Amino acid sequence: KNEVEQSPQNLTAQEGEFITINCSYSVGISALHWLQQHPGGGIVSLFMLSSGKKKHGRLIATINIQEKHSSLHITASHPRDSAVYICAVAQFGASNYQLIWGAGTKLIIKP
Amino acid sequence: NAGVTQTPKFQVLKTGQSMTLQCAQDMNHNSMYWYRQDPGMGLRLIYYSASEGTTDKGEVPNGYNVSRLNKREFSLRLESAAPSQTSVYFCASSEVFRNTEAFFGQGTRLTVV
């Protein structure tokens, strides 16, 4: 079983729909990242969470540390939101640092 | 403000050749990272530099060396390229090591034949 699981793997929706992407993890973490990778390959950091909820424009990210679960929501989705969304959890030890990546969720928004 | 700049964007090497991937950030960030991304594997950390003057191994350091030349620049060197190092490489930086958002470069697509 992967330490970071994302669902769904693929998601196709119509423009304007409310989108939810889920991330569950099985390890202790210091923080969780949500990133966006566009078809051209570039990666953009969307959020870094260690508790609660963050909002940026139409994007909302939440995390529940007790349940080891995070969600990324997109409101009023648009075709330009089409991308791969990646969840990654950060583990910080006394002398090391590790990021464990989910496999990504491929989102397609149709006009 | 260019953010994180990687060069080159594309490179083809023959097995055994060496090359250096360059990365520079103009955000005055303390921490810098090198990742590789392979199909079905996600991103894996090769090396990181928590602050200027320090470097540490990540998950997959074998076959690579790094240099934190100054606060802005963090280079990744392949001394003797192997086909297994065919991948897309990403450099990233963050303001402070731990608990901050990372900013990524556009990636370098490397093919070793």
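Observations, loosely collected:
- Approximate shape of the protein assembly as shown as ellipsoid semi-axes (Cα gyration tensor, √5λ), whole Å, largest first: 29, 20, 16
- Look at the dipole of the protein assembly as shown built from charges on Cβ: of B:Ala82, B:Val60, A:Leu35, the Cα furthest out on the positive end belongs to B:Ala82.
- Placing unit charges on the Cβ atoms only, positive for Lys and Arg and negative for Asp and Glu, gives chain A a dipole magnitude near 160 debye about its Cα centre.
- The alpha-carbon positions of segment A:1-52 define a convex hull whose volume is 122 Å³ per residue.
- Among the residues of A:36-47, the average count of other protein chain beta-carbon atoms within 10 Å of the residue beta-carbon is 4.
- Taking a ≥ b ≥ c as the square roots of the Cα gyration tensor eigenvalues, chain B comes out prolate, since a/c reaches at least 1.5 and a/b is larger than b/c.
- Toward the positive end of the charge dipole of the protein assembly as shown, with +1 on the Cβ of Lys and Arg and -1 on the Cβ of Asp and Glu, the farthest Cα among B:Phe104, B:Asn70, A:Ile109 is that of A:Ile109.
- Taking the C-alpha atoms of chain A, convex hull volume expressed per residue in Å³: 100 Å³
- Expressed as a fraction of 2.2 N^0.38 Å, the C-alpha radius of gyration for segment B:23-88 is 1.12.
- Inter-label distance, nm, simple model (7 Å from Cα along the C-beta direction), A:Ser7/A:Thr20: 1.1 nm
- FRET efficiency, A:Ser30 to B:Asn62 (Cβ-Cβ, R0 22 Å, nearest 0.05): 0.30
No lab work stands behind these numbers, since they all come straight from the coordinates. Small disclaimer: the values here were computed from a predicted structure and weren't measured. Ideal geometry is used to build each Cβ from the backbone, glycine not excepted, and the neighbour counts take in all protein chains shown.
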